[in-house]
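The values are calculated or read from the model by the stated rules, or taken from the named source; none is laboratory data. All figures in this text were calculated on a predicted structure; none of them were measured in a lab. Counting neighbours? That spans all protein chains shown, and the Cβs are built from the backbone with ideal geometry, glycine included. What goes into the accessible areas is simple: the full protein's heavy atoms, side chains included, and nothing from ligands, DNA or RNA. Shrake-Rupley method; radii C 1.70, N 1.55, O 1.52, S 1.80 Å.
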Amino acid sequence: MATPRTDPLTVEVVDLIGTVVARYHEEYEQAASEHALTGAQARVLGLLSLEPVAMRKIAEKLRCEPSNVTGIVDRLEARGLVERRPDPADRRVKLAAPTPEGLETARRLRESLDFAREPLGQLTEVERTLLRDLLKRMLGEDVL
């Protein structure tokens, strides 16, 4: 008989993470559709609302092919939510940047996402900071 690879606590934590992710994606897709966006378009718009980003970096962040990002940005651009502009540091590189309408749409989209905000609001700032740091550690990111 094989020995289980993980202990019951790890299995429970993994299941809980899976449930959180599934609920987040479900709500994100619903919120995106209320703004006539796909989930992928909403994620790109949300990312761009923080700062203009090179197309290749968008693909890296979303862990998808650059050609997929090109199509997503094309559709967002056609709706007037995103524009392409040269990177001031390297004019060969194109940055995707939100238009004022894109920023407003991203803001409204963020405001309509209650799932994460409501449960997180029940945690103290210390608990939210600890959760953030633990998640970053799990992802191999530096924790300051």
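Among residues of the stretch 91-113 that are in contact (Cβ under 8 Å) with a residue 60 or more places away in the chain, those with a Cβ under 8 angstrom from a residue that is open to solvent by 100 Å² or more (accessible area, probe 1.4 Å), sequence gap 6+ or separate chain, pair up as SER112/GLU34.
All conditions but one from (1) outside any helix (DSSP H, G or I); (2) touching a strand residue (DSSP E or B) at 6+ places or on another chain (Cβ under 7 Å) apply to CYS64; the one that does not is (2). Considered as a group, the residues in the stretch 85-110 that are closer than 25 Å to VAL21 by Cβ and touching a Leu at 6+ places or on another chain (Cβ under 9 Å) include one that is surrounded by the fewest Cβ atoms within 10 Å (Cβ to Cβ), and that residue is LEU109. Screening GLY46 with (1) open to solvent by 40 Å² or more (accessible area, probe 1.4 Å); (2) assigned to a helix (DSSP H, G or I) gives one miss only, at (1). Among the candidates LEU113, LEU123, the residue that is within 24 Å of VAL20 (Cα to Cα) and under 16 Å from the mean Cα position of the chain (by Cα) is uniquely LEU113.
Screening the stretch 19-38 for residues that are among the small types (Gly, Ala, Ser) and at pLDDT 90 or above and picking the one that is surrounded by the most Cβ atoms within 10 Å (Cβ to Cβ) gives ALA32.
Confirm whether VAL82 is closer than 23 Å to GLU51 by Cβ and open to solvent by less than 40 Å² (accessible area, probe 1.4 Å). Yes, satisfied.
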